[in-house]
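Report on the following structure.
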Amino acid sequence: MLRPSLTSWTYQVYGKHIVSDKPISELASTPSCDPSVSIVWVSEAVLHSADLVRQLDWISVSRQSETYSLTYPGLASFTVSRDGRQVICHSSEGTSELTIRHLLLDQVLPLVLSRQGASVFHGSAVALPSGAAVFIGKSGQGKSTLAGFFARQGFPLLADDCIVFSQHADQLLVHPAYPGVRLWGDSLDFLDGSEADHPFVMEGRPKRRFAAALQFAPDPVPLRRFYFLTPSATPEMRIEKLIGADVVRHMLESQFVLDPQDEKELRTSFEGATSIARTGLCYRLSIPRDYARLAESADQILRHAATP
Amino acid sequence: MVLDLTKTWVASQRLASSEIGSEAVVLNLVDGKYYGLNDMASRVWRELQHPRTVHQIAATLAAEYEVSEDQARLDVVQLITELHNRQLIEAAP
């Protein structure tokens, strides 16, 4: 599927090596190796006859005999091999490379890794002294703000947007993504004092990337807590253990799955979710929606994560 | 649908299931729908990992939950009908 290319850059992200025929400035390069994903960039769009497998407001996914097409209308499309090992990025006219890199890193690669059998969730994660704390929740619940706050206090950031797990012996490891959290203006103002100093994640969208002054975890960290952020019904912070079927339900709602019609991918995703649910490390977390109380919430999380 | 009480039923092949504590969780791989089963339903689900008749499952439940076999049979018929309607079980060959 790929075209030959004379120049390539190798990176590590989400615990995988990737090779690209264009540099990806958000990632730190690594020595050449056998990559899990190969990425080629082209300017022209490719039309396929395909079966639509999912249609959302911002993306459509269709399936051909050997590939998937992921289309972000008006922005870009990506052709992904069925085994998830090869990606071709097609930019639409007028779309900046910044936007395409954001779509590639934060949306396409998570789906590609799901295709390869990884457990991939939408959320953020930080490395606390007791292990990795993962924050999952719907948009606007404060996942990135919480991760950014911890990172600002010197606890290394593991990921924002995409969390990849792997099983290593009897441990579940959380893999580092790449430096930076994506924040709304008010969160950035609170965390760094100045919204305008930080680049937009992509053109035409309000979120900005906050990366400077944040420590980043270079290596995988064993899972310590899996928090599901939920709206707070009271002004007080609450942490409650989650057990049983509800844990898996929350996880399935937060997972990246490229082809929900593919029984093998669906089964692998389900097995990933249930293996995390069985750890007994899953909690429902409600924090006050008040920046002035974020330090107090973070302190309680820190102490909660340190308890057996 | 009126259930044929003489048939033998078994969990469908086209699903993934697991146990989280005492609760069974099931994902239908055909339509992507997810189900969490309560304590008694989870017990029935464990039985259905192998071909079983309504009468066999009801006898097991009656012994374990200290209910009459008639009451257990009513509960099992209701649950098996629901599982069948959701394509989570199929008639065993």
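The values are calculated or read from the model by the stated rules, or taken from the named source; none is laboratory data. None of the values given here were measured: they were computed from a predicted structure. Methodologically, a virtual Cβ is constructed for each residue, glycine included, from the backbone with ideal geometry; neighbour enumeration extends over all protein chains shown.
A:Arg267 meets all of the listed conditions (1) assigned to a helix (DSSP H, G or I); (2) more than 16 Å from the chain's Cα centre (by Cα); (3) crowded, with 21+ Cβ neighbours inside 10 Å but one, namely (3).
Taken over segment A:166-207, the criterion of being at pLDDT 80 or above and among the polar types (S, T, N, Q) is satisfied by A:Ser166, A:Gln167, A:Gln171, A:Ser187. The condition (being closer than 21 Å to A:Leu27 by Cα and not charged (D, E, K, R)) is satisfied by just one residue among A:Ala133, A:Ala169, A:Ala125: A:Ala125. Restricting A:Gly185, A:Gly140, A:Gly117, A:Gly154 to residues that are on the phi > 0 side of the Ramachandran plot, touching a helix residue (DSSP H, G or I) at 6+ places or on another chain (Cβ under 7 Å) and surrounded by fewer than 24 Cβ atoms within 10 Å (Cβ to Cβ) narrows the list to A:Gly117. Among the residues in segment A:242-260, are any surrounded by fewer than 16 Cβ atoms within 10 Å (Cβ to Cβ) and within 13 Å of chain B (Cβ to nearest Cβ)? Looking for residues that are surrounded by fewer than 16 Cβ atoms within 10 Å (Cβ to Cβ) and within 13 Å of chain B (Cβ to nearest Cβ), one finds at least one in segment A:242-260, hence yes. In segment A:30-42, the residues that are touching a residue at least 12 places away in the same chain (Cβ under 8 Å) and more than 17 Å from A:Leu109 (Cα to Cα) reach residues that are crowded, with 18+ Cβ neighbours inside 10 Å and among the hydroxyl-bearing types (Ser, Thr, Tyr) with C-beta atoms within less than 7 angstrom, at least six apart or across chains, in these pairs: A:Thr30/A:Tyr11. Any residue at all in segment A:229-241 that's buried (at least 20 other Cβ atoms within 10 Å of the Cβ) and either more than 14 Å from chain B (Cβ to nearest Cβ) or touching a residue at least 60 places away in the same chain (Cβ under 8 Å) (or both)? Yes, segment A:229-241 contains at least one residue that is buried (at least 20 other Cβ atoms within 10 Å of the Cβ) and either more than 14 Å from chain B (Cβ to nearest Cβ) or touching a residue at least 60 places away in the same chain (Cβ under 8 Å) (or both).
Among the numbered conditions (1) touching a residue at least 60 places away in the same chain (Cβ under 8 Å); (2) buried (at least 21 other Cβ atoms within 10 Å of the Cβ), the only one that A:Arg208 does not meet is (1).
The numbered conditions (1) within 14 Å of chain B (Cβ to nearest Cβ); (2) in contact with a Ser or Thr (Cβ under 6 Å, 6 or more places away or on another chain); (3) surrounded by fewer than 20 Cβ atoms within 10 Å (Cβ to Cβ); (4) not hydroxyl-bearing (Ser, Thr, Tyr) are all true for A:Gly272 except (3). When each of A:Ala295, A:Ala233 is tested for being touching a Phe, Trp or Tyr at 6+ places or on another chain (Cβ under 8 Å) and either assigned to a loop (DSSP other than H, G, I, E, B) or in the same structural domain as A:Tyr178 (by TED's automatic domain parsing) (or both), the lone residue that passes is A:Ala295. Looking at the structure I just gave you, is A:Arg152 touching a Pro at 6+ places or on another chain (Cβ under 9 Å) and more than 15 Å from A:Arg224 (Cα to Cα)? Taking the combined requirement at face value, the residue does not satisfy it. Assess whether A:Arg278 counts as being away from every other protein chain (no Cβ under 11 Å) and among the charged types (D, E, K, R). No. For segment A:60-102, a tally of residues being farther than 15 Å from A:Arg115 by Cα, among the β-branched types (Val, Ile, Thr) and at pLDDT 90 or above returns 4. Do we have A:Leu173 as not in a strand (DSSP E or B) and not acidic (Asp, Glu) here? No. State yes or no: is A:Leu52 more than 21 Å from A:Phe200 (Cα to Cα), aliphatic (A, V, I, L, M), out of contact with any Asp or Glu (no Cβ under 9 Å at 6 or more places or on another chain) and modelled with pLDDT of 90 or more? Taking the combined requirement at face value, the residue does not satisfy it.
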